[in-house]
């Protein structure tokens, strides 16, 4: 088996064995995988050249939708996931209709503005949302079965893993499909896109809704794992965390979103445990080191390792990079 | 009377004090390649921009095959059969030549399936043939950023042709291309247009290209179409020699 295939297979196997080999990490990894799904949403938008500083909006909307659904006796795990995804999709459509008209910093900041409006609503409408205390999300049933805590957490872990793999596969296929390729051309040439008979806004909107759904599913999983939803789910720090993880994993990389989320959660938890007073400093230093020494993120480090194993691939990549740099210089001069 | 492929009626547009079009009437018949010549800043590119919906005229109308398209956005005009190639090639720089064409096919066919691989579309062979037609089959799998300006121009035109248009509007198809390559590119281009039964309108400054490859020539000066005729008539006209070609060059 080629090493390029072997390493991902081993990584998936290691994840599958976490409950057996390192049960103390199971909840941590559930949260990491859930966040990885959410970061996939942010990563999708990065592929179209857009950074959202407010995608926690959909993370929060889906989590609250699930909490409201659970409070209304719709307390099946799969039903909660569906309700959360639907809530994220509808809100993604409504917010997307507005924000896809903007690009760059305006796109990023408008997303942030929407997420902060939602956060304020969650904070102020105490009678409905529980304010800063949030809402409790009781452990839901699973296809009619009421599970105890341990089996439920085990099932939730494997569900998070299955969703990570399934949605990661879907997102990768989507990006490789005609509609996904059109979506990515928003980054490189909207003029040509328009002259192909395609609306750049409509194309971006499709990807935006998908990214919202991914964030929403991540939000429901985290809410179910923690048993509570609070306004912090939609706060700007959560959005920043998603962008942070996307950069850490490797900008635009779907596997990078998951790898970044796992690395982030592990560093965060262990930094908090062993350096409680300065854990943010440790986390910041970690990202700084990645940006300085591996600007392509964890997947960039992985790619460099693979290049060492396969020098021909490295040469081809270098040739392409230098040609791209030459054209960018020429275009800048023009 | 046959309906013109494209018809502009009474087009007017100004940019500040500059008149780019001043009550312009222009018709383009199917199958007749038209070259538009004129001094820099005369309004030639603006005309292409108006015809493709990129700019809206202050007054006047544009008809494509008898249907008014004046206020439609570019994408809707493109879907009716008008394609555009640019002075600076407008390609997807992170993709290969073939991928650029495959993306154009996806757009043409309106494919939405999230699970269909772009490379697995049934038109792959058709696109390879199109690349062959414009003489770029050997660079099909190379990223467009690695290609020469001439090749990028041809691929830009191939992308437009992949849409199967009735009319192709080109802005200086040979600008930025080495003199030695210009005629070679035009030979390839005219053959490709003929095979695809596409009528072309091209803005051009090279009179050698105009003389050899246009069926008709329109002289655009100070926002007006001052003359129209065959290349032989137009290029020998004293006003054209004075204002466009220059006495010495003539």
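Structure data summary
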quantity	calculated
Residue that is farthest from the other protein chains (Cβ to nearest Cβ) [pool: residues in the range B:72-97 that are more than 16 Å from the chain's Cα centre (by Cα) and buried (at least 23 other Cβ atoms within 10 Å of the Cβ)]	B:97
Checklist (1) within 23 Å of the chain's Cα centre (by Cα); (2) under 29 Å from residue B:14 (Cα atoms) applied to residue B:211, failing item	(2)
Neighbours by Cβ (under 7 Å, 6+ apart or cross-chain): first from the range A:265-293, under 16 Å from residue A:29 (Cα atoms); second at pLDDT 90 or above and in a helix (DSSP H, G or I)	A:265/A:28; A:265/A:31; A:265/A:32; A:265/A:35; A:269/A:28
Qualifying residue in the range B:55-71 (condition: within 14 Å of another protein chain (Cβ to nearest Cβ), in contact with a strand residue (DSSP E or B) (Cβ under 7 Å, 6 or more places away or on another chain) and without any contact (Cβ under 8 Å) to a residue 40 or more places away in the chain)	yes
Positions within the range A:48-69 being touching a helix residue (DSSP H, G or I) at 6+ places or on another chain (Cβ under 6 Å) and over 19 Å from residue A:101 (Cβ atoms), in sequence order	A:56, A:59, A:60, A:61, A:62, A:63, A:65, A:66, A:69
Conditions (1) surrounded by fewer than 18 Cβ atoms within 10 Å (Cβ to Cβ); (2) touching a residue at least 24 places away in the same chain (Cβ under 8 Å); (3) more than 18 Å from the chain's Cα centre (by Cα); (4) not in a helix (DSSP H, G or I); number of the one not met by residue B:113	(2)
Which listed residue, of B:94, B:187, B:126, is free of Cβ contacts under 8 Å to residues at least 60 places away in the same chain and in a loop (DSSP other than H, G, I, E, B)	B:94
Qualifying residue in the range A:110-128 (condition: in contact with a helix residue (DSSP H, G or I) (Cβ under 7 Å, 6 or more places away or on another chain), away from chain B (no Cβ under 14 Å) and within 21 Å of residue A:73 (Cα to Cα))	no
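For every residue, the table says whether it meets (1) more than 7 Å from every other protein chain (Cβ to nearest Cβ); (2) part of a helix (DSSP H, G or I); (3) within 20 Å of residue A:62 (Cβ to Cβ).
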{"position": "A:150", "(1), (2), (3)": "yes, yes, no"}
{"position": "A:160", "(1), (2), (3)": "yes, yes, yes"}
{"position": "A:164", "(1), (2), (3)": "yes, yes, yes"}
{"position": "A:168", "(1), (2), (3)": "yes, yes, yes"}
{"position": "A:173", "(1), (2), (3)": "no, yes, no"}
{"position": "A:185", "(1), (2), (3)": "no, yes, no"}
{"position": "A:202", "(1), (2), (3)": "yes, yes, no"}
{"position": "A:205", "(1), (2), (3)": "yes, yes, yes"}
{"position": "A:212", "(1), (2), (3)": "yes, yes, yes"}
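The values are calculated or read from the model by the stated rules, or taken from the named source; none is laboratory data. In this text the structure is predicted, and so the values were computed from the model without any measurement. Reconstructed Cβ throughout: ideal geometry from the backbone, glycine too, with neighbour counts over all protein chains shown.
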